[in-house]
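Reading through the structure tokens given below for one structure.
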Amino acid sequence: MRALTLVADRNLVVADLPSPPPPAAGEVQVRIAAVALNHIDVWGYRGMAFVKRKLPIVVGAEASGTIEAVGDGVTTFKPGQKVVMYGALTCGHCKACQEGRDNLCENVGGLIGFHVDGFARELMNIAARLVIPVPDAVDLRDAACAPIAFSTVQHMLFDNAKLQPGETVLVHAGGSGIGTVAIMMAKAIGCTVITTVGDDSKIEGVKKLGADHVINYRQDRFEHECRKITKKKGVDVVFEHVGADTFNGSLLSLKRGGRLVTCGSTSGLTTTLNLMQLFQQQYKIFGSFGATMKNIAESLDKMAAGMLPVIDTEVPLDDVGAALKRMESRQVFGKIIVRF
């Protein structure tokens, strides 16, 4: 079978690997239809020093497909059924797993496509408990964006930041995969959405998604513009995923008692905080990583109801290297999909 394999830093090849055996008891075999790219794929492609893994490794952290076969004891799925898969090898037994807090598993065995072989292969076996059914109304291309892009936003905005209807939210990098989703999800509950972009060419696109105010952060200081827009009050919530370049400006954009939720650090891993500002303004800062299986199901329900991902590009398996370089350039608007 074909599999997209990282053999060295920035060196991806389409390898011919043996097909998996029939699924074991409690497993299903999935035929992969589409893989959605994320910044975690870029990190893996570059070769991040903190990653404990052995090369070559099959890449791909987010995907959709159909059930090819089921192992003994599996009654929840049948061949031909559309599915997506959870992206971490959780234990299923610890307190966090038992409570449905999958992304806080105490014994996680690694992230699929980052620490262990990923989804970018024609066939794979996976525990049935890590598989989520896709509603009939949702296309597999769109469903591929649920396990990370949609569910990460669902978890950030609603589980962590507790975003409420009518609040004002600042969404950074509104043209990114998760930025586009954050705009749509916040607007869907009646929030006022301020978003940043790095290129005027993205302004029209984010406005079509529902952004009320758009700031080109390369031309204007977004924290000053947010204060102007909110008449010096500040925003209720900041959706942060850029990192060091924007973090302190994000805090300055918040109202007193405001909430910042962050899931990324693409512009740098460290920053310096003004602690007096933090406690005097009573900010609430939430770190958010991944999502739960419930969040993925919630995301698929939103897709079935008509909230569809923005697709920047669809590429065949052989063109993934160029797609990852496009992601690095930050010219992407929405998601890049790799089709099998």
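A straight chain from residue 91 to residue 75 at 0.36 nm per residue would run longer than the Cα-Cα distance by 3.7 nm.
Cross-link partners of residue 335 among aspartates and glutamates, defined as those whose alpha carbon lies under 16 angstrom from its own and excluding same-chain residues fewer than eight positions apart: 41, 62, 139, 142, 312, 314, 319.
Backbone amide hydrogens, once placed in the peptide plane, bring residue 314 within less than 5 Å of 337, excluding anything fewer than 5 places away on its chain. Over segment 91-159, the ratio between the Cα radius of gyration and 2.2 N^0.38 Å evaluates to 1.23. Computed 3J(HN,Hα) for segment 121-134, one whole-Hz value per residue from the Karplus formula 6.51 cos²θ - 1.76 cosθ + 1.60 where θ = phi - 60°, is 8, 5, 9, 8, 9, 8, 4, 4, 5, 9, 10, 10, x, 9, glycine and proline marked x. Using only the C-alpha atoms, the convex hull of segment 1-82 corresponds to 115 Å³ per residue.
Annotation: for a label point projected 7 angstrom from Cα along Cα→Cβ of residue 10, residues of segment 37-76 with backbone N closer than 15 Å are 42-49.
Against the set (1) 26; (2) 30; (3) 44, the structure's computed percent of Cα pairs over 33 Å apart falls on (1). Along each principal axis, taking the top coordinate minus the bottom one, the Cα set of segment 69-201 gives 51, 33, 28 Å in descending order. Normalise the Debye intensity by I(0) for segment 192-340, one equal point scatterer per Cα, no solvent, then take log10 at q = 0.14, 0.15, 0.17 Å⁻¹ and round to two decimals. Log-scaled intensity ratios, in q order: -0.86, -0.97, -1.21.
On the protein heavy atoms, probe 1.4 angstrom, tell me the percent of accessible surface of the chain carried by carbon and sulfur. Answer for the chain is 52 percent, counting heavy atoms of protein chains only.
Work from the charge dipole of the chain (Cβ charges, +1 for Lys and Arg, -1 for Asp and Glu, about the Cα centre) and give the residue of 180, 313, 170 farthest towards its positive end. With unit charges placed on the Cβ atoms, the residue in question is 170. Taking the charge dipole of the chain about its Cα centre, with +1 at Lys and Arg Cβ atoms and -1 at Asp and Glu Cβ atoms, the residue from 230, 113, 133 reaching farthest to the positive side is 230.
Less than 5 angstrom separates the built amide H of residue 260 from those of 238, 284, 285, 286, all sequence-distant by 5 or more or on a different chain. Considering all C-alpha pairs of segment 140-193, those separated by over 18 Å amount to 26%. Segment 148-237: D in µm²/s via Stokes-Einstein (Kirkwood Rh, Cα pairs, 20 °C, 1.002 mPa s)? The Stokes-Einstein estimate is 166 µm²/s.
Using only the alpha-carbon atoms, how far is helix 177-188 inclined from the longest principal axis of the chain? Give it as 0 to 90 degrees, nearest 10. Between helix and principal axis, roughly 60 degrees.
Sparse packing (at most 15 other Cβ atoms within 10 Å of the Cβ) combined with a DSSP loop state is found for the following chymotrypsin sites (Phe, Trp or Tyr not before Pro) in segment 198-299: 289. Take the cross-link list 208/228; 52/325; 231/255; 187/231; 208/232 and give me the ones stretching past 18 Å between alpha-carbons. With Cα atoms farther than 18 Å apart: 208/228; 52/325; 187/231; 208/232.
Rounded to the nearest 10 degrees, the angle from helix 293-304 to the longest Cα principal axis of the chain is 80 degrees.
What FRET efficiency, computed as 1/(1 + (r/R0)^6) with R0 = 35 Å and r the Cβ-Cβ distance, is obtained for residue 199 and residue 275, rounded to the nearest 0.05?
Efficiency computed from Cβ-Cβ geometry: 0.50.
Only Lys, Arg, Asp and Glu carry charge here, each on its Cβ (+1 for the first two, -1 for the last two); on that basis the chain has a dipole of about 940 debye about its Cα centre.
Positive-end ranking of 59, 291, 244 along the dipole of the chain, with charges on Cβ about the Cα centre, is headed by 244. A 1.4 Å probe run over segment 207-252, with the rest of the protein chains in place, finds 53 Å² accessible per residue. Less than 5 angstrom separates the built amide H of residue 216 from those of 197, all sequence-distant by 5 or more or on a different chain. A helix-only calculation puts the chain at -6000 deg cm²/dmol for mean residue ellipticity at 222 nm, using -39500 (n - 2.57) for each DSSP H run of at least four residues, averaged over all residues.
The values are calculated or read from the model by the stated rules, or taken from the named source; none is laboratory data. Only a predicted model underlies this, so the values are computations on that prediction, with no experimental measurement involved. Glycine gets a Cβ as well: all are built from the backbone with ideal geometry, and neighbour counts include every protein chain shown. Accessible surface areas use protein heavy atoms only, side chains included; no ligands, DNA or RNA. Shrake-Rupley method; radii C 1.70, N 1.55, O 1.52, S 1.80 Å.
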